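Here the structure comes first, spelled out in structure tokens, and everything after it is commentary.
The values are calculated or read from the model by the stated rules, or taken from the named source; none is laboratory data. Since this is a predicted model, take the numbers as computed values, not measurements. Using ideal geometry, Cβ is built from the backbone for each residue, glycine included, and neighbour counts are taken over all protein chains shown.
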Amino acid sequence: MYIVQIASECAPVIKAGGLGDVVYGLSRELSLQQHTVEIVLPKYDCMRYDHIWGLHEAYRDLWVPWYGGAIHCSVHCGWVHGQLCFFIEPHSEDFYFDRGHYYGSDDDEMRFAFFSKAALEFLLQSNKRPNVIHCHDWQTGLVPVLLYEIYQYQGMGNQRVCYTIHNFKHQGIGGVKTLWATGLNRESYYFNNERLQDNFNPFAINYMKGGIVYSNHVTTVSPHHAWEAQYTDIGYGLGHTLHFHQDKFSGILNGINYEFWNPEVDSQIPYHYTPEDLTGKRLNKKALRDRLLLQDVDKPIVSFIGRLDQQKGVHLVQHAIYYSLFKNAQFVLLGSATESGINDHFWREKVHLNNNPNAHLEIGFNEELAHLIYAGSDIIVVPSNYEPCGLTQIIGLKYGTVPVVRGVGGLVNTVFDRDYDPNKPLEERNGFVFYQGDYPALESALGRAIDLWYEKSNDFEQLALQGMKYDNSWNLPGAEYVALYDRIRHK
């Protein structure tokens, strides 16, 4: 099968969050399963060019229709860790991708509307006819709209689209100028509740809604999150649209790359280990304490790794620090804040705990330290308010670090409570789950984890081993996507 991914990110060359990891990880898995995969991306000035091999100009004169004229583009080609990528560079006074950042401009909706148009124009003009176009998040929500309304009549009538939503919170809101710029034009036709009109603002079009309405199938990144998006406020206003299109909507769990996240081969930890021999995990715990100047005592280490924002449940992260210390455990935090108020708060906490031999707060992000924390911790806490899939708990499982998670999104699909899960036998449970977003709920799960470590150390180790045995690689999700692609291309 021939698959083209159209996305705004692909790790490690373009990575602002989990989207980049998914685009690369899925593409790599599809390639391993002998499918032809190409990735179309914007050519940002600030991307990691050191991760591209053999970058060269592949298509010199791509003219992309835009408003009444056209914008001249070049398309560059190179390999990103084995994956063939095409980078679109517009030569325009708007400097759409020469901003020094990926997102955050006032005209983001126009930047990515142009990218969606340019990606399809490139496929058309270069005579690429993939079986399936797989596009991602609001930035490419207009791809299926443009394909169905324009490009199918220009020689691309056999292409099918899978559209994956990674985060419903950011949907891409545009207006009349988006329609006229892209050549869709007909205002009365698109400002219709059954097409692009936003469900709450009648004067706006919604890119993500367009992706849902016009694609052949819509996925999100875990089965439980698919349910949440339809039936709770996690859909951020798109619940009705999803419900209307429920026959083509499903959740497929993300995977992780076990060549990168695997304590048996991880190049960024000092000691390797396996489920058969956990000696290296104990040595990594000592190395973590030495690096962060923690007291070397017989206590569990509880950790948090991730963004410090409302989605991740910062009030519960804060409480987990002091509750762990109260329960005679140590705590390690590695996180960066997106809001200045939250950032300032955790810097004050860092100063307050600076001389505590049982706590270390690292504000920012350090890839090597993240690997050591996964390998050296006993327990990892993931108290998210919402979590479409979550990678932290999946990585923790692989490293034998027992997850304590809130029962939302993909956390429900990957972590099964040791004491209370009704659907898994005891030998298949792998962590602790709480459901309410308050302090007592967190304490109930985290307390059980710490108590088990102290009171039944063999049972705790067995729980960690059961987590390590789960396969959360891209192997199964890759096969699910292939089956989905097959289904939609034969419709």
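Just to verify a result, which residue in the stretch 203-244, among those that are out of contact with any strand residue (DSSP E or B) (no Cβ under 9 Å at 6 or more places or on another chain) and of a type in the set (Val, Ile, Thr), is modelled with the highest pLDDT?
Checking each candidate, the answer is VAL213.
Within the stretch 418-433, track down each residue that is more than 20 Å from TRP227 (Cα to Cα) and either of a type in the set (D, E, K, R) or touching a residue at least 60 places away in the same chain (Cβ under 8 Å) (or both).
Of everything in the stretch 418-433, those that are more than 20 Å from TRP227 (Cα to Cα) and either of a type in the set (D, E, K, R) or touching a residue at least 60 places away in the same chain (Cβ under 8 Å) (or both) turn out to be ARG418, ASP419, LYS424, GLU427, GLU428, ARG429.
Does ALA375 fit the bill of being more than 30 Å from PHE168 (Cα to Cα), in contact with a Leu (Cβ under 8 Å, 6 or more places away or on another chain) and crowded, with 22+ Cβ neighbours inside 10 Å?
yes
From the list VAL412, VAL405, pick out the single residue that is assigned to a strand (DSSP E or B), β-branched (Val, Ile, Thr) and not assigned by TED's automatic domain parsing to the domain that holds THR164.
Residue meeting the stated conditions: VAL405.
What number of residues within the stretch 84-103 satisfy the criterion of being under 15 Å from HIS56 (Cα atoms) and out of contact with any His (no Cβ under 6 Å at 6 or more places or on another chain)?
Within the stretch 84-103, residues that are under 15 Å from HIS56 (Cα atoms) and out of contact with any His (no Cβ under 6 Å at 6 or more places or on another chain) number 5.
Among the residues of the stretch 155-182, count how many are in contact with an Asp or Glu (Cβ under 6 Å, 6 or more places away or on another chain) and under 19 Å from VAL218 (Cβ atoms).
2
When the residues of the stretch 92-144 are narrowed to those that are modelled with pLDDT of 95 or more and of a type in the set (Gly, Ala, Ser), which ends up farthest from the chain's Cα centre (by Cα)?
SER126
Can you confirm whether HIS225 is within 16 Å of THR164 (Cβ to Cβ), touching a residue at least 24 places away in the same chain (Cβ under 8 Å) and of a type outside the set (Lys, Arg)?
Criteria met by HIS225.
Quick check on VAL405: is it under 30 Å from GLN295 (Cβ atoms), out of contact with any Lys or Arg (no Cβ under 9 Å at 6 or more places or on another chain), without any contact (Cβ under 8 Å) to a residue 24 or more places away in the chain and among the aliphatic types (A, V, I, L, M)?
Details: under 30 Å from GLN295 (Cβ atoms): yes; out of contact with any Lys or Arg (no Cβ under 9 Å at 6 or more places or on another chain): yes; without any contact (Cβ under 8 Å) to a residue 24 or more places away in the chain: no; among the aliphatic types (A, V, I, L, M): yes.
So VAL405 does not fit the description; no.
Consider VAL4 carefully, then state whether it is in a helix (DSSP H, G or I), closer than 21 Å to ILE133 by Cα and either hydrophobic (A, V, I, L, M, F, W, C) or free of Cβ contacts under 8 Å to residues at least 12 places away in the same chain (or both).
Answer is no for this residue.
A quick yes/no check of all residues on (1) surrounded by fewer than 19 Cβ atoms within 10 Å (Cβ to Cβ); (2) modelled with pLDDT of 95 or more; (3) of a type in the set (A, V, I, L, M); (4) more than 25 Å from the chain's Cα centre (by Cα):
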| position | (1), (2), (3), (4) |
| --- | --- |
| ASN284 | no, yes, no, yes |
| ALA287 | yes, yes, yes, yes |
| LYS299 | no, yes, no, yes |
| VAL302 | no, yes, yes, no |
| ASP309 | yes, no, no, no |
| TYR322 | yes, yes, no, yes |
| GLN330 | no, yes, no, yes |
| LEU333 | no, yes, yes, no |
| GLU339 | yes, no, no, no |
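Just to be sure before I move on: is GLU461 charged (D, E, K, R), touching a residue at least 24 places away in the same chain (Cβ under 8 Å) and within 25 Å of ASN262 (Cβ to Cβ) in the structure I sent?
Here the answer is yes, as GLU461 does meet what is asked.
Which members of the stretch 7-20 meet the condition of being outside any loop (DSSP other than H, G, I, E, B) and at pLDDT below 90?
GLY18
Of all residues in the stretch 111-135, which are among the hydrophobic types (A, V, I, L, M, F, W, C) and within 17 Å of GLN171 (Cα to Cα)? Spell out the reasoning first.
To start, the set of residues in the stretch 111-135 that are among the hydrophobic types (A, V, I, L, M, F, W, C) comprises 112-115, 118-120, 122-124, 132-133, 135.
PHE112, ALA113, PHE114, PHE115, CYS135 - these are the residues of the stretch 111-135 that are among the hydrophobic types (A, V, I, L, M, F, W, C) and within 17 Å of GLN171 (Cα to Cα).
Is it the case that some residue within the stretch 298-315 is out of contact with any strand residue (DSSP E or B) (no Cβ under 8 Å at 6 or more places or on another chain), touching a residue at least 60 places away in the same chain (Cβ under 8 Å) and not in a helix (DSSP H, G or I)?
No; the residues of the stretch 298-315 include none that is out of contact with any strand residue (DSSP E or B) (no Cβ under 8 Å at 6 or more places or on another chain), touching a residue at least 60 places away in the same chain (Cβ under 8 Å) and not in a helix (DSSP H, G or I).
Report whether or not ALA483 is of a type in the set (Gly, Ala, Ser), outside the structural domain of GLU387 (by TED's automatic domain parsing) and over 21 Å from the mean Cα position of the chain (by Cα).
Answer is yes for this residue.
If I filter the stretch 195-242 down to residues being in a loop (DSSP other than H, G, I, E, B) and hydroxyl-bearing (Ser, Thr, Tyr), which single residue comes out as surrounded by the most Cβ atoms within 10 Å (Cβ to Cβ)?
Taking the stretch 195-242 first, the residues in a loop (DSSP other than H, G, I, E, B) are 195-196, 198-204, 215-216, 221-222, 232, 236-238.
Now drop any that are not hydroxyl-bearing (Ser, Thr, Tyr), which leaves 215, 222, 232, 236.
Numbers: SER215: 27, SER222: 24, THR232: 12, TYR236: 16.
Applying the filter and picking the extreme gives SER215.
Restricting the search to the stretch 341-365, which residues are assigned to a loop (DSSP other than H, G, I, E, B), under 26 Å from the mean Cα position of the chain (by Cα) and surrounded by 11 or more Cβ atoms within 10 Å (Cβ to Cβ)? Walk me through it before giving the result.
Of the stretch 341-365, the ones assigned to a loop (DSSP other than H, G, I, E, B) are 353-358, 364-365.
Those still in the list that are under 26 Å from the mean Cα position of the chain (by Cα) too: 364-365.
Across the stretch 341-365, the qualifying residue is only PHE365.
Need at least 1 residues that are crowded, with 16+ Cβ neighbours inside 10 Å and among the charged types (D, E, K, R) per element, so show me which strands (runs of 3 or more DSSP E) inside the stretch 21-91 make the cut, counting only ones lying wholly within it.
36-42, 83-90
Given the conditions (1) buried (at least 16 other Cβ atoms within 10 Å of the Cβ); (2) not in a helix (DSSP H, G or I), which single one is not true for SER267?
(1)
Considering every residue within the stretch 403-418, establish whether at least one is at pLDDT 95 or above, surrounded by fewer than 16 Cβ atoms within 10 Å (Cβ to Cβ) and over 19 Å from the mean Cα position of the chain (by Cα).
Looking through the stretch 403-418, none of the residues is at pLDDT 95 or above, surrounded by fewer than 16 Cβ atoms within 10 Å (Cβ to Cβ) and over 19 Å from the mean Cα position of the chain (by Cα).
Evaluate the following for GLY100: is it farther than 30 Å from ASN472 by Cα, in contact with a Cys (Cβ under 7 Å, 6 or more places away or on another chain) and surrounded by fewer than 19 Cβ atoms within 10 Å (Cβ to Cβ)?
yes
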